[in-house]
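Input: a single structure, listed below in structure tokens.
The values are calculated or read from the model by the stated rules, or taken from the named source; none is laboratory data. No experiment lies behind these values; they were computed from the predicted model shown. Because the Cβ atoms are built from the backbone with ideal geometry, glycine has one as well, and the counts that use them run over all protein chains shown.
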Amino acid sequence: MTPSLYLFDDEVAHSWEPFSLTRPVGELLFGAFLLRERAQRYWGSPCSGHLSGPVLEGFSEPSAPTVLDPATIPQGDSRIFQSSRAVLSPSSPTTATASPGLDTRERTTLLLEGEVVGWILPPGDPTPSREFFLNPAPLPGSISVEVSGRLLGAVWDLMDRNADQLREDLPRHFPDHAVVELPGCHVLGDGLLSVGSEVTVEPGSVFDLSGGPVRLSDGVVIRAHTRLEGPAFVGPGSVILGGALSRTSMGPVCKIRGEVEASVILGYSNKAHDGFLGHAYLGRWVNLGAFTTNSDLKNNYGPVRVGRPGGTVETGLLKVGCFLGDHVKTGIGTVFNTGTTVGAGSNLFGGRMPPSYVPPFSWGAGSDLTEYRIEPFLEVASRSMARRGVELEPEMATVLRRAWDATRLLRHHGT
């Protein structure tokens, strides 16, 4: 019998602001796949649930497993628990039973570069407590097996390492949909241009493959005067309305225009107007007003510090843009400084630069921020989702209410 697969968020994953407040880390996009989809491909098993903490229990999103309490997981079958931050190498065998040294009937600790990234529990073994998943350690009486891959550390790794991951993902997973040319378009370089079904590409578009491959998923629309430089992944049903995009991943049903560089857009988000987005990561249901722009390079060319509740954190990177949580909205002319973090559910407007850290569910212009009341927020979220044919389910509304409650002190005290 195929073992059950579960992804868990440890303490590091819980620090991945602003995204870990409203979604399990396994539901974040990296390269051409969600982290959860990567784990499923590696183990050859669907994910049965996320272990991400009480605030997210009941998380609901189409095609995504929910968030569970570890105490509710059945113990009658073999179980695989994998860190959501672990990107296991697909060059290894794709199923656990075929992998050397991985016997799902034996208690096993999984190591990646010496760090614990998961366990295999045989039938009958009790599931560890919630606290155990926060600080992974070897299971008593287990064997240790080293797996290959990479372990993402800080949240900005999702952006900084994304282009390299795309260069691995696209030739490996989408070689059967390669095209040589598109009528009326210019294809530069000899890399992979992979096109799914029912894709519309208007004449006058340019695809530059010299720096990496490009994948256009099913139902994608590319409007004229788009320049798309690889590596790049455009998710199902997304529309690029024109502009220059490079080294970027976007999930499903996005509308993007303007200049986008080295960024990741999780899905169902709109940047339908001009403006620069660089070295950024956007959650779901983000809407950027016209000419919203972020800085991704300091004037002194020094390393960027990222905003956090208690201050700023050094990244060691020269280029870091902004991190916008789920359901963030900006008014026209909004500008973000390098390393800005905007918490989920925030609504910013007025054309003034906000602080480097904006608490979740904030409302206002510049530093004049107040609390975005939960009922109006949920009404707007429901309306914006309905425009894309998606319902805000009661379970997810409950998760968002919990997130709002859990972050009240951040809004009231700014720390």
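Things worth noting here:
- Ser45 meets all of the listed conditions (1) within 19 Å of the chain's Cα centre (by Cα); (2) assigned to a loop (DSSP other than H, G, I, E, B) but one, namely (1).
- Residue list for the range 203-224, filter: in a loop (DSSP other than H, G, I, E, B) and surrounded by 16 or more Cβ atoms within 10 Å (Cβ to Cβ): Ser205, Leu209, Gly211, Gly212, Pro213, Ser217, Gly219, Val220, Arg223
- All conditions in (1) over 20 Å from Ala403 (Cβ atoms); (2) free of Cβ contacts under 8 Å to residues at least 60 places away in the same chain; (3) of a type outside the set (S, T, N, Q) hold for Phe349, with the sole exception of (2).
- Only one of the listed residues (Ser249, Ser269, Ser238) is touching a Pro at 6+ places or on another chain (Cβ under 7 Å), at pLDDT 95 or above and on the phi < 0 side of the Ramachandran plot. That residue is Ser238.
- For the range 371-405, filtering for residues that are in contact with a Ser or Thr (Cβ under 9 Å, 6 or more places away or on another chain) and without any contact (Cβ under 8 Å) to a residue 24 or more places away in the chain leaves 4.
- From His173, His177, His186, residue being exposed (fewer than 14 other Cβ atoms within 10 Å of the Cβ), out of contact with any Leu (no Cβ under 6 Å at 6 or more places or on another chain) and either more than 30 Å from Met250 (Cβ to Cβ) or not hydroxyl-bearing (Ser, Thr, Tyr) (or both): His186
- Pairs meeting the criteria (first residue in the range 251-271 and aliphatic (A, V, I, L, M), second residue crowded, with 22+ Cβ neighbours inside 10 Å and part of a loop (DSSP other than H, G, I, E, B), beta carbons under 6 Å, at least 6 apart or on different chains) are Val253/Tyr268; Ala262/His279; Ile265/Cys254; Leu266/Gly251.
- Counting only strands (runs of 3 or more DSSP E) that fall entirely inside the range 264-338 and contain at least 1 residues that are β-branched (Val, Ile, Thr), the qualifying elements are 264-267, 305-308, 311-314.
- Just one of (1) touching a residue at least 12 places away in the same chain (Cβ under 8 Å); (2) surrounded by fewer than 21 Cβ atoms within 10 Å (Cβ to Cβ); (3) touching a Cys at 6+ places or on another chain (Cβ under 9 Å) fails for Thr2. It is (3).
- Glu146 closer than 30 Å to Arg107 by Cα, of a type in the set (D, E, K, R) and over 24 Å from the mean Cα position of the chain (by Cα): yes
- Scanning the range 275-288 for residues that are aromatic (Phe, Trp, Tyr) and either surrounded by fewer than 24 Cβ atoms within 10 Å (Cβ to Cβ) or farther than 25 Å from Glu61 by Cβ (or both) yields a count of 1.
- Screening Ala272 with (1) hydrophobic (A, V, I, L, M, F, W, C); (2) surrounded by fewer than 19 Cβ atoms within 10 Å (Cβ to Cβ); (3) in contact with a Phe, Trp or Tyr (Cβ under 9 Å, 6 or more places away or on another chain) gives one miss only, at (3).
- Filter pass, Phe233 being surrounded by fewer than 24 Cβ atoms within 10 Å (Cβ to Cβ) and of a type in the set (Phe, Trp, Tyr): no
- Screening Glu375, Glu391, Glu371 for residues that are surrounded by 15 or more Cβ atoms within 10 Å (Cβ to Cβ), over 18 Å from Leu288 (Cα atoms) and acidic (Asp, Glu) leaves exactly one candidate, Glu371.
Quick grid of which residues meet (1) at negative phi; (2) under 28 Å from the mean Cα position of the chain (by Cα):
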site	(1), (2)
Ala178	yes, yes
Pro183	yes, no
Ser194	yes, yes
Val199	yes, yes
Pro203	yes, no
Gly212	no, yes
Arg215	yes, yes
Ile222	yes, yes
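- Looking across the range 289-337, the residues that are closer than 24 Å to Thr22 by Cβ, of a type in the set (S, T, N, Q) and buried (at least 18 other Cβ atoms within 10 Å of the Cβ) come down to Thr292, Asn294, Thr315, Thr330, Thr334.
- Number of positions in the range 394-415 that are part of a loop (DSSP other than H, G, I, E, B), surrounded by fewer than 16 Cβ atoms within 10 Å (Cβ to Cβ) and at negative phi: 1
- Close Cβ contacts (under 6 Å, 6 or more residues apart or on different chains) running from residues in the range 42-64 that are over 18 Å from Val399 (Cβ atoms) and in the same structural domain as Pro74 (by TED's automatic domain parsing) to residues that are of a type in the set (Val, Ile, Thr) and part of a loop (DSSP other than H, G, I, E, B) comprise Gly44/Thr94; Gly44/Thr95; Ser45/Thr2.
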